[in-house]
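The values are calculated or read from the model by the stated rules, or taken from the named source; none is laboratory data. Values in this document were obtained by computation on a predicted structure and should not be read as measured data. Virtual Cβ from ideal backbone geometry, glycine too; neighbours counted across all protein chains shown. SASA here: full protein model, heavy atoms, side chains in, ligands and nucleic acids out. Shrake-Rupley method; radii C 1.70, N 1.55, O 1.52, S 1.80 Å.
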Amino acid sequence: TLAAGVIQRKPAYAQKASQAAVKYQGSPNNGQKCGDCTYFQAPSSCGVVDGTISPNGWCSLYNKKS
């Protein structure tokens, strides 16, 4: 059992990638945008990329929600 107050989360990368490392840009790429990605966390963050993320942005880790 888990101790009281412990929050169990889905496995995540040990450290988020920098925006530069994943070629993050603040605009969509060929119709792909962060708001449609599995990793996007509204309103403005990402599970795998560090920093403020626009729902209209894009990076090389884009993974369309199913």
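Number of residues in the range 18-37 that are touching a helix residue (DSSP H, G or I) at 6+ places or on another chain (Cβ under 9 Å) and open to solvent by 70 Å² or more (accessible area, probe 1.4 Å): the value is 0. Pairs linking a residue in the range 29-45 that is in contact (Cβ under 8 Å) with a residue 24 or more places away in the chain to a residue that is open to solvent by less than 70 Å² (accessible area, probe 1.4 Å) and not in a loop (DSSP other than H, G, I, E, B), with Cβ atoms under 6 Å and 6 or more positions apart or on different chains, are ASN29/TRP58; GLN32/TRP58; LYS33/TRP58; CYS34/PHE40; TYR39/CYS46.
Within the range 14-27, residues that are without any contact (Cβ under 8 Å) to a residue 60 or more places away in the chain reach partners that are in a loop (DSSP other than H, G, I, E, B) and among the charged types (D, E, K, R) with beta carbons closer than 6 Å, at six or more positions or on different chains, in the pairs LYS16/ASP50; SER18/ASP50.
Modelled with pLDDT of 95 or more, in contact with a helix residue (DSSP H, G or I) (Cβ under 8 Å, 6 or more places away or on another chain) and open to solvent by less than 70 Å² (accessible area, probe 1.4 Å) - does that describe any residue in the range 41-52? Yes, because at least one residue in the range 41-52 is modelled with pLDDT of 95 or more, in contact with a helix residue (DSSP H, G or I) (Cβ under 8 Å, 6 or more places away or on another chain) and open to solvent by less than 70 Å² (accessible area, probe 1.4 Å). In the range 48-66, the residues that are within 15 Å of SER27 (Cα to Cα) reach residues that are among the basic types (Lys, Arg) with C-beta atoms within less than 7 angstrom, at least six apart or across chains, in these pairs: PRO55/LYS33; ASN56/LYS33; GLY57/LYS33; TRP58/LYS33; CYS59/LYS23; SER60/LYS23.
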